[in-house]
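Right, one structure below, let's go through it.
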Amino acid sequence: MNELDLKEEALMVYLWEDFSEWFSRNDMPLVKCKKLIKKARYRYNRPNIRVGAGKGISYAWGNEFGIELPRTTRSKTYVLHEAAHSIVGGLQGHNSIWLRVYIDLLCTYMGLSKRGLFKSARESNLQVAPLYKCPRPRSYGIMKKK
Ligand SMILES: [Zn+2]
C-alpha cells in the first residue's frame with residue numbers, strides 16, 4: 001500500500017469516528033488513560049508500554065513501542081484507538097485487522113454493541129478483517145455474545 005492509500009485509509013477511519021455518537025475527547029486524566037492502555041494490552045497478552053504526555057505534539061499516536069497522548073486526546077476513544085495500534089503494530093496502519101481489534105476494545109471497555117459498530121463501519125466503507133487473521137483477545141470464547 002502506498003502512502004496516499006494509507007492516508008486515505010486513515011481519513012476514512014477519522015470520518016467514521018467523527019460522525020459516531022460514541023466518540024469523545026479530553027475527558028480522562030493521563031493516569032486513567034495509562035491504566036486503560038495497560039488493561040487493553042493485557043487483554044491481548046501484550047506487556048505494558050511507555051505512555052507519554054504528548055508534549056509539543058498536537059495529535060495522538062501509538063505503535064508497538066509506545067503511545068503519546070497530548071491533553072486534548074485523553075479520552076476513552078482516543079486511548080482505545082492508540083491501544084489498538086500498539087497491539088497490532090504501527091505497520092498495519094488503520095487496516096481491517098487494526099479495525100477489528102479497535103472494535104473489540106470499544107465493545108469491551110465502552111460497552112458498545114459489536115453489531116452496531118460492524119454496521120456503521122460497513123456503512124462508512126470500512127472493512128473489518130475476519131477473526132482468524134487477527135490477534136485474539138484472551139477471553140475469546142468465553143465472552144458473552146452481543
Ligand atoms: Zn490511528
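With respect to the conditions (1) free of Cβ contacts under 8 Å to residues at least 24 places away in the same chain; (2) touching a helix residue (DSSP H, G or I) at 6+ places or on another chain (Cβ under 8 Å), G111 lacks only one, and its number is (2). Of all residues in segment 59-70, those that are closer than 10 Å to G90 by Cβ and among the hydrophobic types (A, V, I, L, M, F, W, C) have Cβ atoms under 6 Å from Cβ atoms of residues that are more than 9 Å from the ligand (Cβ to nearest atom) and modelled with pLDDT of 95 or more, 6 or more apart or on another chain, in W61/E68. When every residue of segment 97-115 is checked against the conditions, at least one turns out to be of a type in the set (S, T, Y) and within 15 Å of the ligand (Cβ to nearest atom). Taking the criterion of being among the acidic types (D, E) and exposed (fewer than 14 other Cβ atoms within 10 Å of the Cβ), would at least one residue in segment 86-107 satisfy it? No, every residue in segment 86-107 fails to be among the acidic types (D, E) and exposed (fewer than 14 other Cβ atoms within 10 Å of the Cβ). The requirement of being aromatic (F, W, Y), away from the ligand (no atom under 14 Å from the Cβ) and under 15 Å from L106 (Cα atoms) is not satisfied by Y78.
May I ask you to say which residue of T77, T108 is assigned to a helix (DSSP H, G or I), farther than 15 Å from R43 by Cβ and β-branched (V, I, T)? Answer to the check: T77.
Selection of segment 37-68 for residues being more than 16 Å from the ligand (Cβ to nearest atom) and hydrophobic (A, V, I, L, M, F, W, C) yields only A53.
Close Cβ contacts (under 7 Å, 6 or more residues apart or on different chains) running from residues in segment 86-101 that are farther than 14 Å from Y14 by Cα to residues that are of a type in the set (F, W, Y) and more than 10 Å from the ligand (Cβ to nearest atom) comprise I87/Y44.
The values are calculated or read from the model by the stated rules, or taken from the named source; none is laboratory data. Since the structure is predicted, the reported quantities are computational estimates derived from the model, not experimental observations. Ideal geometry is used to build each Cβ from the backbone, glycine not excepted, and the neighbour counts take in all protein chains shown.
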